[in-house]
1. Considering every residue within region 19-34, establish whether at least one is part of a helix (DSSP H, G or I), surrounded by 10 or more Cβ atoms within 10 Å (Cβ to Cβ) and modelled with pLDDT under 90.
2. Could you figure out which of (1) at pLDDT below 85; (2) among the polar types (S, T, N, Q); (3) assigned to a helix (DSSP H, G or I) isn't true of Asn82?
3. I'm trying to understand the selection: among the residues of region 63-73, which are within 20 Å of His53 (Cβ to Cβ) and either modelled with pLDDT under 70 or surrounded by 10 or more Cβ atoms within 10 Å (Cβ to Cβ) (or both)?
Amino acid sequence: MSITTFIRRKVYQFEVTLSPYMLTSTEKIVFNTFILLFLGFLIAAITLYLPQHVQTIARRAYFYVVGDESVIRKEDVLDYSN
């Protein structure tokens, strides 16, 4: 199977699964633009915020297992006193 056939099959799968095959060409452009924007924002959010979130979760897990309070940063603690 060549790369061209693979790409054509994936495009066909996308169109049949999300139904843009029954849209006009202008509607397809708008639909695909929204899909690309959504995926772009999702990838940006994952690359910007996920590493920090994983570090916070790892610090809290370490604290729960070991009990060492030095690993918890002030930014990670929620303060409800205000």
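The values are calculated or read from the model by the stated rules, or taken from the named source; none is laboratory data. These numbers were taken from a predicted model, which means no experiment stands behind them. Neighbour counts are summed over all protein chains in view; Cβ atoms, including those assigned to glycine, are modelled from backbone coordinates with ideal geometry.
1. yes
2. (3) is the only condition that Asn82 fails.
3. Phe63, Val71, Ile72, Arg73
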